[in-house]
Amino acid sequence: MIYPFGFKIGLVTVPTIMSSSERGARFWIRAWWPVVLGISIIALESTAAFGSDHTSGPLRLLFQAIFGPVSNANWEEIHHLIRKSGHFTGYGLLGLAWLRAWWMSLPRTVFMVDTVLALLGTAMTASADEFHQTFLPNRTGRPQDVLLDCTGALAMQLLVYLFIRFFRPKGLKRVV
């Protein structure tokens, strides 16, 4: 069966890019530039220059300026937690960028479809990042980090869903 605004997946009609001729290049750039920016930042942070051996000194100076002196043994644990919090938060924000892009690009889908697509985009980015890090001498590519990254994206998307659900419930009602 032919659908005027795209193709059918289960109960959802997924629009194609060509389904909306009034959307020009400016719309697509506005929808997708945060994703490109987020992936670019992650690519930059995935270099050897951002390995733990290079970030420990500057982060420790900042931490001690705010919280005071810390022993070497305690710093190793704190540094680890800061770096993993960065994974969680950074990929959480990237997940939101993916969600926003899909939400804008597929106006006739339900929130869950956009969320799944955003999680897939985040997982692919995280996997590529960790794979790339396996080739760097001072970095390690770990599947646990991909899981942490995806958990950050899922947590942020859950917060957005709850916000919309409780404060803007009409925002979830879209034409399907």
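For the stretch 16-88, GluC sites (Glu not before Pro) meeting the loop criterion (DSSP other than H, G, I, E, B) and having at most 10 other Cβ atoms within 10 Å: GLU22.
Dividing the alpha-carbon radius of gyration of the stretch 60-116 by the rule-of-thumb value 2.2 N^0.38 Å gives 1.80. With only the Cα atoms considered, the stretch 112-174 has a convex hull volume of 68 Å³ per residue. For the peptides 143-153, 54-64, the ranking by mean Cβ contacts within 10 Å, running from highest to lowest, is 143-153, 54-64. Take LEU136, project a point 7 Å from its Cα along the Cβ direction, then tell me which residues of the stretch 47-63 have their backbone nitrogen under 18 Å from it. From the stretch 47-63, the list is 47-60. Whole-Hz Karplus values for the stretch 30-35 come out as 4, 6, 10, 4, x, 5 Hz, taken residue by residue from phi with 6.51 cos²θ - 1.76 cosθ + 1.60 and θ = phi - 60°; glycine and proline positions read x.
Where a number appears in this text, it was derived from the coordinates with a stated rule and is not lab data. Everything numeric here is computed off the predicted structure, so don't read it as measured data. Cβ atoms come from the backbone with ideal geometry, glycine included; neighbour counts cover every protein chain shown.
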